[in-house]
Amino acid sequence: MEQKPQPGVKTLEKMDYSGRPFGYVAPDTETAMICEQDPVIRDKVVSDLKKMGFTTVQPAGFKEALKYMRFHVFNVIFIDEDFDTGVWEANNVLRYLENLNMTVRRKTFAVLVSATIATLDNLEAFNKSVNLVINKRDIGGMEKILRQAMVEHEEFYRIYREKIRK
């Protein structure tokens, strides 16, 4: 007997999973998305993140990045302030992060890579809705800066996460 699809319910054959950034990753795998178009900076960030044990993905543009975020909550997201933007355009990846549900947003450590904002400028990080700002001049020390910032972030939200788990 053939079953008819129910209205409003998508069948597996009709779902578009082409935006999945990874096939299968183990549940405890740390993942990172790098939204950076400068190949030198991107390669440095990817290299350091892989040394830190992250599985990485590098979208070509903001549409691909948004598609990836639809299917996966990344542990870390690096966003260049000018990623896939034209003159006077807003950064769509940053805009998406600003509007995320706080429960989901707190699971992601967002890093803004900037040519104009100083590294570790917490006020600008708060203003841009990211956890950390790294200036492009300081990208050579990115691994050390990121490790320290992530430890501080974990400690800051430790009690909050324990309460959520309970």
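Brief remarks follow.
Residue by residue, here is whether (1) at pLDDT 90 or above; (2) of a type in the set (S, T, Y); (3) under 29 Å from Y160 (Cα atoms) holds:
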{"position": "K14", "(1), (2), (3)": "no, no, no"}
{"position": "M33", "(1), (2), (3)": "yes, no, yes"}
{"position": "K50", "(1), (2), (3)": "yes, no, yes"}
{"position": "T56", "(1), (2), (3)": "yes, yes, yes"}
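- Residue in segment 150-160 that is in a loop (DSSP other than H, G, I, E, B) and open to solvent by 20 Å² or more (accessible area, probe 1.4 Å) present: no
- For segment 69-86, the candidate set comprises residues that are surrounded by fewer than 20 Cβ atoms within 10 Å (Cβ to Cβ) and over 21 Å from I41 (Cα atoms); within that set, the residue that is nearest to the chain's Cα centre (by Cα) is V73.
- Inside segment 98-118, residues that are exposed (fewer than 12 other Cβ atoms within 10 Å of the Cβ) and in a loop (DSSP other than H, G, I, E, B) make up a count of 4.
- Filter result (assigned to a helix (DSSP H, G or I), more than 12 Å from F83 (Cβ to Cβ) and not aliphatic (A, V, I, L, M)) within segment 38-72: P39, D43, K44, S47, D48, K50, K51, K67, Y68, R70, F71
- Segment 119-140, subset in a loop (DSSP other than H, G, I, E, B) and open to solvent by less than 60 Å² (accessible area, probe 1.4 Å), residue modelled with the lowest pLDDT: S129
- Scanning segment 106-123 for residues that are touching a residue at least 12 places away in the same chain (Cβ under 8 Å) and of a type outside the set (A, V, I, L, M, F, W, C) yields R106, K107, T108, S114, T116, T119, D121.
- Against the conditions (1) open to solvent by less than 60 Å² (accessible area, probe 1.4 Å); (2) at pLDDT 90 or above; (3) under 13 Å from the mean Cα position of the chain (by Cα), R95 satisfies every one except (1).
The values are calculated or read from the model by the stated rules, or taken from the named source; none is laboratory data. Because the structure is a prediction, the values reported are computed rather than measured. Note that each Cβ is placed from the backbone with ideal geometry, even for glycine, and that neighbours are counted across all protein chains shown. The accessibility values were calculated without ligands, DNA or RNA, using every heavy atom of the protein model including side chains. Shrake-Rupley method; radii C 1.70, N 1.55, O 1.52, S 1.80 Å.
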